[in-house]
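Heads up: the structure comes next, in structure tokens.
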Amino acid sequence: MSVKVVKTAPIEGQQPGTSGLRKKTRIFMQTHYLENFIQATFNAIGGAKGKTFVVGGDGRFFNQPAIQTILKMAAANGAHKIIVGQNGLLSTPAASHLIRLNKTDGGLILSASHNPGGIDEDFGVKYNISNGGPAPEKVTDKMVVQTQTITEYKILNTANIDLGKIGIQNLANMQVEIVDPVADYQILMQQLFDFDQIKALFASGFTMRFDAMHAVTGPYATAILQDILGAQQGTVINAIPLENFGGYHPDPNPVWAKGLMDEMFSDQAPDFGAASDGDGDRNMIVGANAYVTPSDSLAVLVANAHLAKGYKAGLAGVARSMPTSSACDKVAAKMGIASFETPTGWKFFGNLLDAGKATLCGEESAGTGSNHVREKDGLWAVLLWLNILAVRKQSVAEILAEHWAEYGRNYYSRHDYEAVDSQAAKNLMADLIVQLPSLAGQSFAGLEVASADEFSYTDPVDGSVSHHQGIRINFKGEGRAVIRMSGTGTQGATLRVYLEQYVNQHADHFLEVQSALSAANKAILAISELPTRTGRNAPNVMT
Ligand code: G16
């Protein structure tokens, strides 16, 4: 086994976005592409020599070849040990847990999350630091510099190792430990939740459907929900991870999990439904005839987390991304705990969790999690909901209705305009920023603008500042429209429009959501001129 030093040159466009580097799979498969990014990552963290990492992915096309390359590069760079999920599989939260449990120096997670998989679809690589969370901007900035100056990478000249064989193998002087991807994660869930109570719930005839969308949570959900908690066989559907996710778009929302939604709104609906995404960090929660928006789910979990043993002592605080609705702020205010508003991206929660300022975090993009790991965690959210349902002995619809009666309702929806012309999107944002100071006091679609700004965030722990984090327009009467460019798309630009309208405890909580938001929508479309600038009259996806 000899170390090859391969001459290379910088490749354009290797800047990580909201969550790692995401590109079309064929781009990642180009000569030197993956290797450059991995070497740049090692260089950015002061080299891999003597270090231990966790490596795993969501099983999408190119997962295993990419892992073999990373192992050979880590060995050539002098790494001490790599912990890998069997067959290259690790959900993102399970990888975060393994990093923390084994006190490793970091980890590499291979996933393009909820984006489709396949040779003509998407692939991604994300570096997580030793706290188990996505690398913060100060680290990704160093990675970018390295990608722009790279001249060579190191790789071991050797055969592939067997990723299916649990146990320790050696690659030159480096140990590779192949582990069961589910085992340690399952133990963590057992520590946080009252499994006996959830078992009793299932034993009483409670029914559930979990759509794993042929992605990584299949084995986790089958083991925990069916094998341990006693949910009926067939509770977990699409349970086998496939390289192309069975052709699914593994994004757990009402559009892409339509089959589950149809079942949950039918006469034969099970009591509880849930879905997770490609890498297992997102979740969708739906009761019989009751869809729960991610923002509402976060608020309900904050209000009820103390019912689960892992959160009995109460919460230090809650954090949400800026575009997420303020429903959880209302709960935090009543509970007398802190609430934080961060930019989009789980990496911004890391410092708050490490400093003990926040216990639960969540985002409108179907992400919820807590201080148990440093990633959002789809199955964790499902188990916390199950724990709450087991204790409260009410339906999801009843819990939601009571929540709104106590706190009021934040009607909420996100409209995505995908693959729009990048320059048109940039111009729209730039021109909107110029307009911001003059918007207050003007009316659009019957709504008067109360305030308008571009969101900047100062991290309360390390003082780092992140600018240009989206435009928010607040209307009189507690309505809001936010617009920002996605940092996870792989084609053109995706413009996201986030609409919110709060109504108080005594108002009608059962309006059709899009109608409740139509004035805010018309107003932001008029202010931004989105239809004329992009040629789009309707969003591609509404969640
Ligand atoms: C990632 C990030 C999330 C973010 C989401 C959407 O999720 O981890 O924090 O909310 O992307 O980001 P954007 O609006 O920039 O596309 P995931 O599940 O894709 O890793």
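The values are calculated or read from the model by the stated rules, or taken from the named source; none is laboratory data. Predicted model, so just to flag it, every value in this text is computed and none were measured. Neighbour counts are summed over all protein chains in view; Cβ atoms, including those assigned to glycine, are modelled from backbone coordinates with ideal geometry.
Brief remarks follow.
- For the range 235-344, the strands (runs of 3 or more DSSP E) that sit wholly inside it and include 2 or more residues that are within 30 Å of D196 (Cα to Cα) are 272-276, 283-287, 290-292, 317-321.
- Count of the range 97-133 residues which are closer than 20 Å to L71 by Cβ, polar (S, T, N, Q) and touching a Gly at 6+ places or on another chain (Cβ under 8 Å): 3
- Options G78, G57, G88, G20; residue that is in contact with a strand residue (DSSP E or B) (Cβ under 9 Å, 6 or more places away or on another chain), over 29 Å from R282 (Cβ atoms) and in contact (Cβ under 8 Å) with a residue 40 or more places away in the chain: G78
- Residue check for A299: surrounded by fewer than 24 Cβ atoms within 10 Å (Cβ to Cβ), touching a Ser or Thr at 6+ places or on another chain (Cβ under 9 Å) and outside the structural domain of D416 (by TED's automatic domain parsing): no
- Long-range neighbours under 9 Å by Cβ, at least six apart or interchain, first residue farther than 12 Å from A44 by Cα and in contact (Cβ under 8 Å) with a residue 40 or more places away in the chain within the range 130-147, second surrounded by fewer than 17 Cβ atoms within 10 Å (Cβ to Cβ) and of a type in the set (D, E): N131/D354; G133/D354; P136/D462
Every residue, every condition in (1) hydroxyl-bearing (S, T, Y); (2) over 21 Å from the mean Cα position of the chain (by Cα), yes or no:
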position: V286; (1), (2): no, no
position: D296; (1), (2): no, no
position: N304; (1), (2): no, yes
position: A319; (1), (2): no, no
position: S325; (1), (2): yes, no
position: V331; (1), (2): no, yes
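- Flag if I224 is without any contact (Cβ under 8 Å) to a residue 24 or more places away in the chain, assigned to a helix (DSSP H, G or I) and of a type in the set (A, V, I, L, M, F, W, C): no
- Of the residues A44, A40, the single one that is hydrophobic (A, V, I, L, M, F, W, C) and in contact with a Lys or Arg (Cβ under 8 Å, 6 or more places away or on another chain) is A44.
- Residue in the range 334-353 that is at pLDDT 95 or above, under 24 Å from R209 (Cα atoms) and not assigned by TED's automatic domain parsing to the domain that holds S19 present: no
- Candidate set: the range 339-358, residues that are touching a helix residue (DSSP H, G or I) at 6+ places or on another chain (Cβ under 7 Å) and surrounded by fewer than 24 Cβ atoms within 10 Å (Cβ to Cβ); chosen: the one nearest to G463 (Cα to Cα): F340
Listed here are the residues, each with its yes/no results for (1) surrounded by 14 or more Cβ atoms within 10 Å (Cβ to Cβ); (2) over 22 Å from L21 (Cα atoms); (3) modelled with pLDDT under 95.
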site	(1), (2), (3)
M429	yes, yes, no
V434	no, yes, no
S438	no, yes, no
V449	yes, yes, no
A452	yes, yes, no
D459	yes, yes, no
G487	yes, no, yes
L495	yes, no, no
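- Any helices (runs of 4 or more DSSP H) falling wholly within the range 349-432 and containing at least 3 residues that are under 26 Å from Y502 (Cα atoms): 378-392, 396-407
- Of all residues in the range 470-495, those satisfying the criterion of being within 9 Å of the ligand (Cβ to nearest atom) and more than 16 Å from T342 (Cβ to Cβ) are M485, S486, T488, G489, T494.
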